[in-house]
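The structure appears below as C-alpha cells.
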C-alpha cells in the first residue's frame, strides 16, 4: 500500500496514534513529520516500525534549514556585494585620475606614503618633504640654530 493514505486520525494525540497502530500490527514503515506527538505514538504503537520523512516534510525541513543559513550569512553576503561594488568604483576613479597629471599636494602625499612604506622615520619624512617643498634650506632643517634669535 505504498503512497496511500490509510486513515485520518480524529486528533493530534500520541494515544490516538498508538491505539490506531495497535489495531494495525503489520505496519513496517511510518512516514511522519518531526513532531513529538507522532513520534511518541508511533514508538508506543509500533516499536518495530521504521520512521521516515515523507517528501513534503523532507523538502520543508531542507527549506527551513537553508533559509536559516542564508539569514545567518545575510550580513556577509551584503558586505561582499558592497566590497565588489566599491572595488569597481575605485577602479573607475583610479582610471580617471591616472589620465590627468597629479597636483603638487598629490605628489607630496605619494612621496610621504612611499617613505612611510619604506619605514622611514617621521622626522626624516618631514625634513625631506620640507626640503623638497622649499628651494632653500631652513635653519631648523639643517640642524643649525636661527642666527636671528
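The values are calculated or read from the model by the stated rules, or taken from the named source; none is laboratory data. What you see is a predicted model; the values in this text were computed from it and never measured. So basically every Cβ, Gly included, is an ideal-geometry build from the backbone, and we count neighbours across all protein chains shown.
Cβ-Cβ distance below 7 Å, separation of 6 or more or different chains: which pairs start in the stretch 1-21 with a residue that is surrounded by fewer than 10 Cβ atoms within 10 Å (Cβ to Cβ) and end on one that is at pLDDT 90 or above and in a helix (DSSP H, G or I)?
Matching pairs, first to second residue: 7/20; 10/16.
For the stretch 97-111, which positions are within 10 Å of residue 129 (Cα to Cα) and within 36 Å of the chain's Cα centre (by Cα)?
109
Residues are listed down the side, and each one gets a yes or a no for (1) on the phi > 0 side of the Ramachandran plot; (2) modelled with pLDDT of 90 or more; (3) surrounded by 11 or more Cβ atoms within 10 Å (Cβ to Cβ):
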position: 39; (1), (2), (3): no, yes, yes
position: 55; (1), (2), (3): no, no, no
position: 58; (1), (2), (3): no, no, yes
position: 61; (1), (2), (3): no, no, yes
position: 85; (1), (2), (3): no, no, no
position: 89; (1), (2), (3): no, no, no
position: 103; (1), (2), (3): no, no, no
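Would you check which residues across the stretch 53-83 are within 20 Å of residue 17 (Cα to Cα) and touching a helix residue (DSSP H, G or I) at 6+ places or on another chain (Cβ under 9 Å) and list them?
Passing the criteria: only 53.
Look at residue 66 and say whether it is in a helix (DSSP H, G or I) and either surrounded by 10 or more Cβ atoms within 10 Å (Cβ to Cβ) or within 39 Å of the chain's Cα centre (by Cα) (or both).
yes
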